[in-house]
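A.B. asks: Below: one structure in structure tokens.
The values are calculated or read from the model by the stated rules, or taken from the named source; none is laboratory data. Just so it is clear, the model here is predicted, and its values are computed rather than measured. Don't worry about glycine lacking a Cβ; one is built from the backbone with ideal geometry, like all the others, and counts go over all protein chains shown. Calculation scope for accessible area: heavy atoms of the full protein, side chains included, ligands and nucleic acids excluded. Shrake-Rupley method; radii C 1.70, N 1.55, O 1.52, S 1.80 Å.
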Amino acid sequence: MEHSDAIGVTPKPPRRVGLIGLGAIGETVAKALLRNSATTGVPPAPGASPDGVDGAALCAVLVRDVSRHDEASWLDGILITSDADAFFAARPEVVVEAAGQPAVAAYAEQALRTGADFIAASTGALTDDSLRRRIVATARTAGCGRMHLASGAMPGLDWMQAAAMGGGPSRVAVVQSKPPGAWAGTPGAAAAAAVGDWVAHGPLTIFEGNARRAASEFPKTSNVTATLALATVGLDATQSSVT
């Protein structure tokens, strides 16, 4: 006999998850959530990771242009909408942002006020001090959800945060290295394009400065820098080098 049967425990229903954005990160999150076919009733997505997300079920996806996802048949049965009101009407208990920094500014406070937890991938949005203060104030209000920063590609964030809280380092430095193609469409595009022979040239420093500037000027590549800064010594004391 199963242990849960022996003591009469009824399994908790999965938490309803709303996803903002369906790009590379959003699609990965959606497919992981849909692996839970036993709780969602949706078959595993083609090509999805075998690892699902226990206790969570995708209920809605908010995108800018629904027509761009007409062929996403693996999301049949899931609400895909560009209408924020319709998205929140689906009553997500957790909202995951995977749509870029403007989405944090547009939806974090609204999500928290509904009582949903908000998980931000685009943490660079919080370099805006006014926005960060509003979000923190909302999250501290009774009945509102909690704000979470996704650690992304930054391992060991918990112990680095603990070290900073314990009177640890007063300065933190982050060095990011990207392939040349990663700079297309960024302020570093012209400098990268000017290099004719990367083997002879070697690494090219695109940016040096603090985390606040890095996350603001390179919003698609430096969110992880903002995450570490916010978890440790702050945006202005964290130094960033991007090559």
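A.B. asks: Would a scan of segment 94-105 turn up a residue that is out of contact with any Gly (no Cβ under 7 Å at 6 or more places or on another chain) and surrounded by fewer than 16 Cβ atoms within 10 Å (Cβ to Cβ)?
C.D. replies: yes
A.B. asks: Where residues in segment 1-55 are more than 23 Å from Asp83 (Cβ to Cβ), at pLDDT 70 or above and small (Gly, Ala, Ser), which of them is farthest from the chain's Cα centre (by Cα)?
C.D. replies: So, considering only residues that are more than 23 Å from Asp83 (Cβ to Cβ), at pLDDT 70 or above and small (Gly, Ala, Ser), the one farthest from the chain's Cα centre (by Cα) is Gly55.
A.B. asks: So, Ala153, is that one farther than 17 Å from Ala229 by Cα and surrounded by fewer than 18 Cβ atoms within 10 Å (Cβ to Cβ) or not?
C.D. replies: no
A.B. asks: Taking the stated definitions as given, is Met147 closer than 30 Å to Gly202 by Cα, touching a residue at least 24 places away in the same chain (Cβ under 8 Å) and open to solvent by 20 Å² or more (accessible area, probe 1.4 Å)?
C.D. replies: Against the criterion (closer than 30 Å to Gly202 by Cα, touching a residue at least 24 places away in the same chain (Cβ under 8 Å) and open to solvent by 20 Å² or more (accessible area, probe 1.4 Å)), Met147 does not qualify.
A.B. asks: Continuing with the same structure: Filtering segment 138-180 down to residues that are closer than 21 Å to Val95 by Cβ and out of contact with any helix residue (DSSP H, G or I) (no Cβ under 9 Å at 6 or more places or on another chain), which residue is modelled with the lowest pLDDT?
C.D. replies: Among those that are closer than 21 Å to Val95 by Cβ and out of contact with any helix residue (DSSP H, G or I) (no Cβ under 9 Å at 6 or more places or on another chain), it is Ala142.
A.B. asks: Residue by residue through segment 177-196, note down the ones that are without any contact (Cβ under 8 Å) to a residue 40 or more places away in the chain and exposed (fewer than 13 other Cβ atoms within 10 Å of the Cβ).
C.D. replies: Pro179, Gly181, Ala184, Gly185, Pro187, Ala190, Ala193, Ala194, Val195, Gly196
A.B. asks: Just the residues that are surrounded by 10 or more Cβ atoms within 10 Å (Cβ to Cβ) and either hydrophobic (A, V, I, L, M, F, W, C) or over 11 Å from Thr232 (Cβ atoms) (or both), please, taken from segment 166-176.
C.D. replies: If the condition is that a residue be surrounded by 10 or more Cβ atoms within 10 Å (Cβ to Cβ) and either hydrophobic (A, V, I, L, M, F, W, C) or over 11 Å from Thr232 (Cβ atoms) (or both), then Val172, Ala173, Val174, Val175, Gln176 are the ones that fit.
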